[in-house]
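Before any comments, here is the structure.
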Amino acid sequence: MFPANPEAGLIAAATEKKLMKTTHQLWTAGLLLLLFFSPAQAATLDDYLAGFTYQERKEMKIDSKELVELLKADKAQLIDVRFPEEVAAWRMGFAKNIPLNELPARLGELDKNKLIVTACPHYDRSSMARLYLITKGYRARYLNDGLLGLAELLRGDKARDFTNAPPP
């Protein structure tokens, strides 16, 4: 049987599609929360948040100038948390790409003896990655001016000087 009003069927189908998309988004968000913050880790995150201070707010960030100096001294590891497609379009040759959604499975690739600096074009994903790493016991900061700020800093002579710097 056809509905009396054919437009009603189209509206109902569109509404159902939106509902399915919203349900999928909520399910995905819940799954990500479970992956990143299982009940066993909740106490760690709770402790971190309960102890959050203005000093921590300052120390969780790093700018490109400070990062470059730490990289030159071999005291930091830059982790690009963008998706592979973004990295294929443009990248920092000295950064290690570990997409945010792969980070839990690839922790073994991080150097626990160095400061881990997470980065993305701005800082949304990198701040999430940093929080995750802190709850896992890593020393981590996020690049507050993002990869775009780092690219802006490393232009011309500065890029040459950085890439030609002698090892520490």
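Data overview
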item: Count - residues of the range 132-151 that are in a helix (DSSP H, G or I), over 22 Å from residue 90 (Cα atoms) and either of a type in the set (Phe, Trp, Tyr) or touching a residue at least 60 places away in the same chain (Cβ under 8 Å) (or both); result: 3
item: Residues of the range 113-125 that turn out to be touching a Gly at 6+ places or on another chain (Cβ under 8 Å) and either part of a strand (DSSP E or B) or loosely packed, with under 15 Cβ neighbours inside 10 Å (or both), as a count; result: 1
item: Subset of the range 115-126 (residues that are at pLDDT 95 or above and hydroxyl-bearing (Ser, Thr, Tyr)); result: 118, 126
item: Enumeration of residues in the range 53-112 that are of a type in the set (Gly, Ala, Ser), part of a loop (DSSP other than H, G, I, E, B) and under 15 Å from the mean Cα position of the chain (by Cα); result: 95
item: Of the criteria (1) at pLDDT 95 or above; (2) surrounded by fewer than 15 Cβ atoms within 10 Å (Cβ to Cβ), which one residue 57 fails; result: (1)
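The values are calculated or read from the model by the stated rules, or taken from the named source; none is laboratory data. Computed from a predicted structure; not experimentally measured. We place every Cβ from the backbone using ideal geometry, glycine too, and count neighbours over all the protein chains shown.
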